[in-house]
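The values are calculated or read from the model by the stated rules, or taken from the named source; none is laboratory data. Everything numeric here is computed off the predicted structure, so don't read it as measured data. Cβ coordinates were reconstructed from backbone atoms using ideal geometry, including for glycine residues, and neighbour counts include every protein chain displayed. These accessible areas exclude ligands, DNA and RNA; they are computed on the full protein's heavy atoms, side chains included. Shrake-Rupley method; radii C 1.70, N 1.55, O 1.52, S 1.80 Å.
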Amino acid sequence: MATVTATAAVIRTEARLFGREIGAVFWTVVFPAALVALLGSVPSFSDPVDGTGGLRTIDLYVSIAILMSMCMAAVMAMPAAVFAYREAGVLRRLRTTPVGPGAVLLAQALLHAAAVVGASALVLTIGRVAYDTPLPESPLGYLAAYALALVAAFSVGAVITSLVPNSRVGTAVGTVVFFPMLFTAGVWLPVQVMPDALREIVVLTPLGAASEALAEAMAGDFPDLRHLLVVAAWAGVLWLVSVRTFRWE
């Protein structure tokens, strides 16, 4: 009970601090929606993509923008917040309280995930209103894929948060991890139109499998179980590693 209360207190404090981080709010919430608004104006993005159940390129980019928001929040914003606490000695003091590594990481993940959920609603709304992008035709499948992708993305960020000692190294490591995650999410080339050999490799990564699962749910099919299992496996293993390797100082 004491741990739950302490975690809730951490979340309330972190929520107030996050609202003051204008840069994190912009890149996590505003930028993905702006990207969809911009890409939707490209004429060729209104053409259907073969093998996607009639989805257009802009339809695919709705889910890709949502995955981008997850990457921004999980790999760039969340670790930076914890690094600042570690360097200021806040985590060292927290170590003497009932708050454990899992609670610290969970509080940060929940806070940043809330921002991602807001960003996702904004992206879906802009796509629907401005470009008539479809809402997920398999809502349950989309929700399952979305939740697993969210956990997997924040598990990647949690590992960086736990293993990297300070913000200087963390910025470099986060950047090295961030851009491959964007690639596997399909930011530069949607997973669904990648060459077959590359696609087979990408769908073994957490965001590559998530991108496939979200597109399948968007088109009306329940996501392939293999894609959901890949995302869930990455999420479980990485979260366990992050909790076991967490540095208090």
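Some notes on this structure:
- Among the criteria (1) in contact with a Phe, Trp or Tyr (Cβ under 9 Å, 6 or more places away or on another chain); (2) part of a helix (DSSP H, G or I), the one Pro136 does not fulfil is (2).
- Test: residue in region 210-229 that is over 19 Å from Glu137 (Cβ atoms) and either touching a residue at least 24 places away in the same chain (Cβ under 8 Å) or not in a helix (DSSP H, G or I) (or both): no
- Among the residues of region 191-249, the ones that are under 28 Å from Ala81 (Cβ atoms) and open to solvent by 10 Å² or more (accessible area, probe 1.4 Å) come to 18 in all.
- Single unsatisfied condition, Phe178 versus (1) closer than 25 Å to Ala147 by Cβ; (2) not in a helix (DSSP H, G or I): (2)
- Of the residues making up region 144-166, one or more are farther than 25 Å from Ala119 by Cα, touching a residue at least 40 places away in the same chain (Cβ under 8 Å) and part of a helix (DSSP H, G or I).
- Residue count for region 113-142, restricted to those that are without any contact (Cβ under 8 Å) to a residue 40 or more places away in the chain and surrounded by 20 or more Cβ atoms within 10 Å (Cβ to Cβ): 0
- Scanning region 156-177 for residues that are small (Gly, Ala, Ser) and either open to solvent by 40 Å² or more (accessible area, probe 1.4 Å) or under 15 Å from Met76 (Cβ atoms) (or both) returns Gly157, Ala158, Ser167, Gly170, Ala172, Gly174.
- Helices (runs of 4 or more DSSP H) wholly inside region 36-105 containing at least 3 residues that are among the β-branched types (Val, Ile, Thr) and open to solvent by less than 10 Å² (accessible area, probe 1.4 Å): 57-71
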